[in-house]
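In what follows, a single structure is set out as structure tokens and then discussed.
The values are calculated or read from the model by the stated rules, or taken from the named source; none is laboratory data. This structure is a prediction, so every number in the text was calculated from the model and none was measured. Here the Cβ is made from the backbone with ideal geometry for all residues, glycine too, and neighbour counts use every protein chain on show. Surface accessibility is based on the protein's heavy atoms, side chains included, excluding ligands, DNA and RNA. Shrake-Rupley method; radii C 1.70, N 1.55, O 1.52, S 1.80 Å.
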Amino acid sequence: MNNPSADRLAGRAVIVTGAASPAGIGFAAARRLAAEGTRLCLTDIDGTAVAARAEELRSEGADAFGLAQDVRDEAGWDAVMGRTVGAYGALDGLVNNAGIVVLALVEQLSIEDWRRQIDVNLTSCFLGCRAAFRHFGPRGGAIVNISSISGLVGSNRTAAYAASKGGIRLMTKSLAIEGGPRNIRVNSVHPGVTETDMQTIARADATGDSAAIAEAIPLRRTTGPDAIAAAIAFLLSSDGDYVTGTELVIDGGLTAQ
Ligand SMILES: NC(=O)c1ccc[n+]([C@@H]2O[C@H](COP(=O)([O-])OP(=O)(O)OC[C@H]3O[C@@H](n4cnc5c(N)ncnc54)[C@H](O)[C@@H]3O)[C@@H](O)[C@H]2O)c1
């Protein structure tokens, strides 16, 4: 029997932001999408590193290029969309993945850090969605916004981060309603404890050790970026064709309890 999902992503043109970190969720998603035949524009604030990641994917046979982009920059979004449509003839998908984490007790949280957190994580996501809505063609498109379990539940020292990720969650649902009639699907992904550079930094800054973190998770283990990449690929693909406005939680059961 033929695999009915074998070409579920083939030929689609997708932008992934925050794709420079070799061990990050963005690059894992790009590599997974490339393996399924997606044509890619990888972007990151680190233009040199993202060009190297795109080169890596090309050496594995993918159609991919890298662009320097600060996701906070409004004009930059049009340039990224224009380059992608210019290269591939259309835009089919966007993964709003770029992000930072600011951890602080509320009394120590400066207005500058609050604004930086909201700008990089949430305002960027609005700018990306708006640009994608403007550039999707008549067949529609799919957007995956990377939120977090911090967009679902509160935790210590995450007032700004949780506000940014909770904002992403409900903006996603609003845009799913707005985009539905144009076949634009918009979903959010909520990773739990995922082993990336960001997680290493967050853990170094926190009190809990790795064993205690795993013990709190029903599956008794953290995960790697490939588990998140698989969910992103599903939501962008024809397998996710009837899925919009949903929040896909990949956290080993952490927020089920
Ligand atoms: N790792 C986790 O445990 C975890 C859990 C939940 C959600 N997330 C979310 O997943 C996403 C990816 O995180 P990660 O863990 O892979 O982190 P990471 O730090 O490995 O990668 C983040 C990437 O975003 C880029 N970036 C930062 N600021 C940018 C800007 N202004 N413009 C463009 N690019 C910028 C960085 O250069 C980096 O390549 C983030 O949105 C994060 O909040 C991560």
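Among the candidates Ala54, Ala62, Ala98, single out the residue that is closer than 25 Å to Ala230 by Cβ and touching a Phe, Trp or Tyr at 6+ places or on another chain (Cβ under 6 Å).
Values: Ala62 fails: touching a Phe, Trp or Tyr at 6+ places or on another chain (Cβ under 6 Å); Ala98 fails: touching a Phe, Trp or Tyr at 6+ places or on another chain (Cβ under 6 Å).
Going through Ala54, Ala62, Ala98 in turn, the sole match is Ala54.
Applying the condition of being within 15 Å of the chain's Cα centre (by Cα) and more than 13 Å from the ligand (Cβ to nearest atom) to region 19-40 and asking which residue is most open to solvent (accessible area, probe 1.4 Å) yields Arg32. Looking only at residues of region 207-248 that are among the β-branched types (Val, Ile, Thr) and within 22 Å of the chain's Cα centre (by Cα), we find that the one that is farthest from Asp92 (Cα to Cα) is Thr222. Note on region 1-17: residues that are open to solvent by less than 40 Å² (accessible area, probe 1.4 Å), assigned to a loop (DSSP other than H, G, I, E, B) and farther than 15 Å from Ile146 by Cα total 4. Within region 18-72, the set of residues being part of a loop (DSSP other than H, G, I, E, B) and over 19 Å from Leu91 (Cβ atoms) comprises Ala20, Ser21, Pro22, Ala23, Gly24, Ile45, Asp46, Glu60, Gly61, Asp70, Arg72.
Just so you know, in region 72-128 the residues that are touching a strand residue (DSSP E or B) at 6+ places or on another chain (Cβ under 9 Å) and among the β-branched types (Val, Ile, Thr) include one that is farthest from Gly166 (Cα to Cα), and it is Val85. Looking only at region 239-257, filter to residues that are under 17 Å from Lys173 (Cβ atoms) and not in a helix (DSSP H, G or I); which one of those is most open to solvent (accessible area, probe 1.4 Å)? Result: Tyr242.
Considering only residues in region 193-238 that are open to solvent by 60 Å² or more (accessible area, probe 1.4 Å) and within 10 Å of the ligand (Cβ to nearest atom), the one that is modelled with the highest pLDDT turns out to be Glu195.
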